[in-house]
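Submitted below is the structure of interest, expressed as structure tokens.
The values are calculated or read from the model by the stated rules, or taken from the named source; none is laboratory data. Because the structure is predicted, anything quoted here is derived from the model rather than measured. Virtual Cβ from ideal backbone geometry, glycine too; neighbours counted across all protein chains shown. To get the accessible areas, we keep the full protein, side chains included, count just its heavy atoms, and leave off ligands, DNA and RNA. Shrake-Rupley method; radii C 1.70, N 1.55, O 1.52, S 1.80 Å.
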Amino acid sequence: MNRSLDIQKDAIFMKRALFLARKAKGQTSPNPMVGAVIVKNGEIISEGYHKKAGLPHAEAEAINKAKKSLKGSTLYVNLEPCCHRDKKTPPCTDAIINSGISRVVIAMRDPNPKVAGKGIEILKNHGIEVTEGILEKEAQKLNEFYIKYITTKLPFVILKIAMTLDGKIATPEGESKWITSEKSRKLVHSIRSRVDALLSAYGTVLKDNPSFTARIKGGRNPLRVIIDPYLEIPLEYNVYSEPSRTLIVVNEIQRESKKARLLYEKGVELLFFSTEKVDLNWLMEELGKRGITSVLIEGGSSLNSYALWSGVVDKIMIFIAPKIIGGIHSYPAVGGKIFKNINEAFKITPYSVKRIGEDILIEGYIKKTL
């Protein structure tokens with residue numbers, strides 16, 4: 001028996017399961033993206049994927065769609081099958097056991113404490129062979145939002161920056177349209193459609209009057225979370241318009257103000273804080289309580305700096321345009337008065353470099369220090 005060859009075959013079908021899972025990007029929150037493939041005698045006889053929270057899970061969909069007997073077949077799934085009953089859909093372990101499937105290949109264990117190996121144990125106790133760890137890293141990256149949220153109840157945070165070669169995000173007058181190319185902007189809209197919320201601050205909104213929507217076909221608009229302590233954004237600005245919802249993070253002083261009452265009438269949610277400056281760690285906890293699993297930060301120099309120093313950023317995406325603005329008073333990508341020594345600088349690791357149109361995208365993870 002050639003173990004290496006078996007792993008290669010398993011990887012081929014697991015790639016298919018991951019491909020199916022990705023089809024639901026931005027649609028399953030707070031659930032993970034899961035794809036399932038059923039193989040018999042070396043051929044795919046059925047497959048499915050989880051399309052939306054509340055709808056059938058990938059394993060159940062693949063089993064229900066099968067036209068042939070599943071006795072003796074192998075199920076490939078990128079996440080451990082669920083086994084708990086605290087949800088609208090029945091446990092996938094029951095469906096697998098009753099189907100006649102004899103082997104289950106899993107990319108990664110479910111970090112949800114209600115599952116976390118229990119699903120695998122149930123399958124094994126019913127005589128089903130289980131193989132783990134096939135394309136595990138790929139599976140973990142696919143569901144990085146879910147993994148952080150289910151283990152910490154905090155959203156996964158992406159900091160997005162669009163800048164020139166010399167690290168500027170705007171001219172001294174605040175002009176920033178458009179630093180990056182159309183292809184980069186389309187990718188950003190795609191990212192917006194995958195996250196639950198988009199975070200910005202009043203300075204960026206006052207300067208650009210953005211809509212912060214995902215302007216792509218079939219895209220899902222994120223919740224707009226805007227830090228505006230003293231309600232300076234005019235009521236007619238785009239962040240208060242449909243189709244997206246808006247949550248304003250505002251100082252307690254404004255609770256009984258006329259502007260606050262007008263915003264309530266428009267259906268805008270207000271989240272009050274009583275400290276001198278909003279605590280981003282507190283804000284992430286509040287968003288987590290609302291079921292927000294992922295946040296994209298699109299702000300200016302100050303918010304970028306504050307987010308990094310607060311330690312809330314998990315991943316960074318820097319779009320670099322082949323342009324130079326120059327000028328000591330032009331806005332840097334990361335501002336603020338605080339800085340780090342070279343040997344203490346924020347480290348991005350691991351990271352990748354891609355070409356997006358005429359721009360370069362550097363994407364990586366912020367190395368957290370204890």
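What does the C-alpha gyration tensor say about the overall shape of the stretch 66-205? Classify as rounded when a/c is under 1.5, otherwise prolate if a/b is larger than b/c, or oblate.
prolate
For the chain, treating each Cα as an identical point scatterer without solvent, what Debye log10 I(q)/I(0) comes out at q = 0.13 1/Å?
With no solvent term, the Cα-only Debye profile gives -1.06.
If the limit is 26 Å between Cα atoms, which of Lys289/Lys337; Lys114/Lys148; Lys40/Lys65; Lys137/Lys160; Lys15/Lys52; Lys118/Lys148 go over it?
From Lys289/Lys337; Lys114/Lys148; Lys40/Lys65; Lys137/Lys160; Lys15/Lys52; Lys118/Lys148, over 26 Å: Lys289/Lys337.
Name the GluC sites (Glu not before Pro) in the stretch 133-181 that are in a loop by DSSP and that have at most 11 other C-beta atoms within 10 Å, would you?
Numbers: sites: Glu136, Glu138, Glu144, Glu173, Glu175; in loops: Glu173, Glu175.
Of the GluC sites (Glu not before Pro), the ones in loops of the stretch 133-181 whose Cβ has at most 11 other Cβ atoms within 10 Å are Glu173.
Taking N as the number of residues in the stretch 33-96, what value does Rg over Cα atoms divided by 2.2 N^0.38 Å take?
The reported ratio for this selection is 1.06.
Using R₀ = 45 Å, calculate the FRET efficiency as 1/(1 + (r/R₀)^6) where r is the Cβ-Cβ separation of Glu129 and Ser211; round to 0.05.
0.30
A follow-up question, please. What are the residues whose amide H is under 5 Å from the amide H of Ile297, where those residues sit 5 or more places off or on another chain and H is modelled from the backbone?
Ile158, Leu159, Lys160, Leu199
Counting only heavy atoms of the protein chains, get the accessible area per residue of the stretch 73-171 (1.4 Å probe) and round it to a whole Å² value.
For the stretch 73-171, the solvent-accessible area averages 41 Å² per residue.
Now, a different point. Roughly how far apart, in whole Å, are the Cα centres of the stretch 12-67 and the stretch 253-292?
If you average the Cα positions of each part, the centres end up 38 Å apart.
Sort Tyr240, Tyr365 from largest to smallest accessible area, using a 1.4 Å probe on the heavy atoms of the protein chains. Don't skip to the answer; put the middle values down first.
Details: Tyr240 25, Tyr365 55 Å².
Ranked from most to least accessible, the order is Tyr365, Tyr240.
When the chain is fully extended, how far beyond the present Cα-Cα distance does Ala345 get from Asp166, taking 0.36 nm per residue of separation?
Between Ala345 and Asp166, full extension yields an extra 62.6 nm.
Right, another one. Based on the Cα atoms of the stretch 92-155, what semi-axes does the equivalent ellipsoid have, where each is the square root of 5 times one gyration tensor eigenvalue, given in whole Å with the largest first? It would help to have the intermediate numbers written out before the result.
Values: eigenvalues 116, 36, 15 Å².
Taking √(5λ) for each Cα gyration eigenvalue gives 24, 13, 9 Å.
Using the alpha carbons of the stretch 157-283, what is the convex hull volume per residue in cubic angstrom, as a whole number?
Cα-based convex hull of the stretch 157-283, divided per residue, equals 125 Å³.
Let me ask something else about it. Given the pairs Lys23/Lys67; Lys23/Lys51; Lys183/Lys217; Lys177/Lys315; Lys9/Lys51, which are separated by over 19 angstrom at their Cα positions?
Working: Lys23/Lys67 23 Å; Lys23/Lys51 8 Å; Lys183/Lys217 15 Å; Lys177/Lys315 24 Å; Lys9/Lys51 26 Å.
Where the Cα-Cα span goes over 19 Å, the pairs concerned are Lys23/Lys67; Lys177/Lys315; Lys9/Lys51.
Can you tell me which of Val353, Val313, Val37 moves the most in a GNM of the chain? Springs connect C-alpha atoms under 10 Å apart.
Result for the chain, Cα springs under 10 Å: Val353 fluctuates most.
Ok, one more. Ordering Phe319, Phe346 by accessible area with a probe of 1.4 Å, largest first, what comes out?
The residues order as Phe346, Phe319, largest area first.
Can you tell me which of Lys340, Lys315, Lys177 moves the most in a GNM of the chain? Springs connect C-alpha atoms under 10 Å apart.
Judging by the Gaussian network model, the answer is Lys340.
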